[in-house]
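Here the structure is laid out as structure tokens; the discussion comes afterwards.
The values are calculated or read from the model by the stated rules, or taken from the named source; none is laboratory data. As the structure is a computational prediction, the values presented were derived from the model and not from experiment. Reconstructed Cβ throughout: ideal geometry from the backbone, glycine too, with neighbour counts over all protein chains shown.
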RNA sequence: GGCCUCAUCGUCUAACGGUUAGGACACAGGAUUCUCAUUCCUGUAAUCGGGGUUCGAUUCCCCGUGAGGCUGCCA
């Protein structure tokens with residue numbers, strides 16, 4: 001199956017569009033087909049510099065790079081690949097003109113000379129009369145000879161689609177099911193703007209036909225435009241693709257997901273440190289479910305399980321809490337070595353000593369299940385590299401039954417006990433054994449002793465365990481930190 | 001206003017006429033534990049309202065209500 005994603009380069013990639021692209025990609029992969037990216041840059045006024053590259057980089061990051069169309073090569077340069085090019089609409093200008101002429105010739109479209117001012121007035125009047133604002137077909141009544149004359153004189157005009165108003169257009173959406181629209185409620189859409197560029201509607205029909213798309217997956221906002229597209233396909237004598245309209249993502253107040261209420265740019269999630277595995281897993285589960293109770297999915301598992309039939313019709317609220325949970329789950333799944341490699345540069349940036357640290361992997365492992373995002377790592381590991389400042393208010397902790405007055409005594413017991421371990425035997429097992437003995441002979445509670453140990457070694461209210469930290473710190477540094 | 005669409009715990013969702021309405025996140029409590037986190041157990045919590053159809057409706061139909069989309073020479 002051939003599917004596509006067709007962003008317009010007007011800014012950042014909306015997270016909802018990433019999800020739509022993902023669904024299209026999944027369908028292509030599931031059917032061993034191909035996923036095409038086409039750039040819809042027919043609105044020159046809204047174009048944003050660098051937007052194409054950033055969208056493409058995101059797709060690559062997300063693991064859903066295109067097979068065909070506009071993509072990034074190994075060097076990160078924008079290229080086009082495939083037999084149906086060009087894949088950038090501004091380069092297809094002549095093509096749209098050609099097909100528009102055909103429509104005009106066959107009587108499916110007509111020229112319209114109305115100015116925006118007249119159209120505005122017309123709409124205002126219609127609104128006042130509580131009518132649906134629609135083009136009143138003034139220019140459809142024009143005498144052909146007059147049309148010719150005005151065209152020859154170079155008068156600005158657009159091309160409009162002539163909707164058969166008496167007809168009812170029906171089709172079956174892959175997600176919404178049977179749909180039907182009455183012709184008289186559909187407006188005579190502008191196909192070609194006065195600058196000669198096509199509107200989305202013409203471009204979509206021409207491109208998706210020429211690019212041989214089997215399935216068009218796009219946002220729900222296009223649902224009411226389907227009749228226009230179907231009429232166009234028929235006017236050209238082409239077979240329309242199947243359509244699957246995907247519901248929108250929502251803010252917590254159920255309005256359309258917007259910038260005002262949080263992050264909507266896919267880029268923001270990368271910046272925050274989300275794993276592509278977590279984000280894509282989460283996105284897949286918004287509005288879609290596998291029909292089983294599985295919550296975590298790898299991309300290959302998603303390809304296997306995904307079906308359009310199980311996509312929800314209603315919009316889904318974007319719930320960050322669940323995304324975070326998924327993020328934590330995926331963080332813990334990373335192989336220890338990879339995890340260490342990922343956080344190392346971040347830790348080194350704050351603590352240069354980490355660069356040649358032989359026990360870095362061991363340290364990293366201790367925090368893997370304690371952090372949700374990579375950037376938390378330096379904080380969690382800082383005490384290994386810089387001696388912590390430890391206050392008595394941290395060590396004395398009522399919950400652990402440690403009184404300030406007892407602290408010197410407990411520190412003495414700890415020191416004495418740990419000093420007895422030979423340097424070469426400084427491993428966790430010996431530390432546990434020595435401390436167990438100290439607990440038994442001192443009559444202190446395990447918590448009293450270990451809280452003081454851990455707090456002294458780390459300077460933190462929470463951290464990896466006392467035994468592990470002591471082991472990695474080594475005998476000498478452990479005793480040093482107990483001596484303050 | 002018109003057209004189209006949608007509606008199960010706070011959130012994401014399962015149940016395609018018969019279930020004590022299930023799971024996950026979040027929340028609360030507990031267990032493990034030297035802290036935090038992880039892990040495990042338990043709990044609170046939902047079928048928008050009203051009519052039908054049916055022996056029986058979350059499920060099918062109608063009417064409301066609420067929400068969303070479209071209504072641009074934007075996509």
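Where helices (runs of 4 or more DSSP H) fall entirely within the range A:225-316, those with at least 2 residues that are in the same structural domain as residue A:62 (by TED's automatic domain parsing) are at A:266-271, A:276-284, A:299-305. Scanning the range A:416-443 for residues that are closer than 14 Å to residue A:471 by Cα, part of a helix (DSSP H, G or I) and under 52 Å from the mean Cα position of the chain (by Cα) gives A:418, A:423, A:424, A:425, A:428, A:429, A:430, A:431, A:432, A:433, A:434, A:435.
The lone criterion from (1) surrounded by fewer than 21 Cβ atoms within 10 Å (Cβ to Cβ); (2) farther than 18 Å from residue A:218 by Cα left unmet by residue A:62 is number (1). The sole residue among A:216, A:206 that is buried (at least 19 other Cβ atoms within 10 Å of the Cβ), within 30 Å of the chain's Cα centre (by Cα) and in a helix (DSSP H, G or I) is A:206.
Just checking, does the range A:35-52 include any residue being surrounded by fewer than 21 Cβ atoms within 10 Å (Cβ to Cβ) and either in the same structural domain as residue A:205 (by TED's automatic domain parsing) or within 13 Å of the chain's Cα centre (by Cα) (or both)? No. Quick check on the range A:148-160. Is at least one of its residues more than 10 Å from RNA strand B (Cβ to nearest atom) and touching a helix residue (DSSP H, G or I) at 6+ places or on another chain (Cβ under 8 Å)? No, the range A:148-160 contains no residue that is more than 10 Å from RNA strand B (Cβ to nearest atom) and touching a helix residue (DSSP H, G or I) at 6+ places or on another chain (Cβ under 8 Å).
Here is a check on your reading of the model: is residue A:266 surrounded by 19 or more Cβ atoms within 10 Å (Cβ to Cβ), away from RNA strand B (no atom under 13 Å from the Cβ) and over 12 Å from the mean Cα position of the chain (by Cα)? When the stated conditions are applied, residue A:266 does not pass them. When restricted to residues that are away from RNA strand B (no atom under 12 Å from the Cβ), modelled with pLDDT of 95 or more and buried (at least 17 other Cβ atoms within 10 Å of the Cβ), the range A:363-393 contains 8.
Conditions (1) in a helix (DSSP H, G or I); (2) more than 30 Å from residue A:58 (Cα to Cα), marked per residue:
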| site | (1), (2) |
| --- | --- |
| A:71 | no, no |
| A:80 | no, no |
| A:83 | no, no |
| A:95 | yes, no |
| A:110 | no, yes |
| A:119 | yes, yes |
| A:122 | yes, yes |
| A:140 | yes, yes |
| A:150 | yes, yes |
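Tally time: how many residues in the range A:147-158 are more than 13 Å from residue A:110 (Cα to Cα) and surrounded by fewer than 13 Cβ atoms within 10 Å (Cβ to Cβ)?
6
Applying the criterion of being without any contact (Cβ under 8 Å) to a residue 60 or more places away in the chain and near RNA strand B (Cβ under 9 Å from one of its atoms) to the residues of the range A:198-226, the residue that is farthest from residue A:39 (Cα to Cα) is A:224. Counting just the residues of the range A:183-197 that are more than 6 Å from RNA strand B (Cβ to nearest atom) and touching a strand residue (DSSP E or B) at 6+ places or on another chain (Cβ under 6 Å), which one comes out nearest to residue A:44 (Cα to Cα)? Only one residue tops the list, namely A:192. Among the residues making up the range A:457-475, those that are crowded, with 17+ Cβ neighbours inside 10 Å, in a helix (DSSP H, G or I) and more than 6 Å from RNA strand B (Cβ to nearest atom) are A:457, A:458, A:468, A:469, A:470, A:471, A:472, A:473, A:475.
Scanning the range A:231-247 for residues that are touching a strand residue (DSSP E or B) at 6+ places or on another chain (Cβ under 6 Å) and surrounded by fewer than 19 Cβ atoms within 10 Å (Cβ to Cβ) gives a single hit, A:242. Can you pull out every residue in the range A:18-40 that is within 12 Å of RNA strand B (Cβ to nearest atom), over 21 Å from residue A:76 (Cα atoms) and touching a helix residue (DSSP H, G or I) at 6+ places or on another chain (Cβ under 8 Å)? A:19 - this is the single residue of the range A:18-40 that is within 12 Å of RNA strand B (Cβ to nearest atom), over 21 Å from residue A:76 (Cα atoms) and touching a helix residue (DSSP H, G or I) at 6+ places or on another chain (Cβ under 8 Å). Only a single item in (1) part of a loop (DSSP other than H, G, I, E, B); (2) touching a strand residue (DSSP E or B) at 6+ places or on another chain (Cβ under 9 Å); (3) farther than 28 Å from residue A:82 by Cβ is not met by residue A:169, and it is number (1). Of the residues making up the range A:343-362, those that are crowded, with 16+ Cβ neighbours inside 10 Å and part of a helix (DSSP H, G or I) are A:343, A:344, A:346, A:347, A:348, A:354, A:360.
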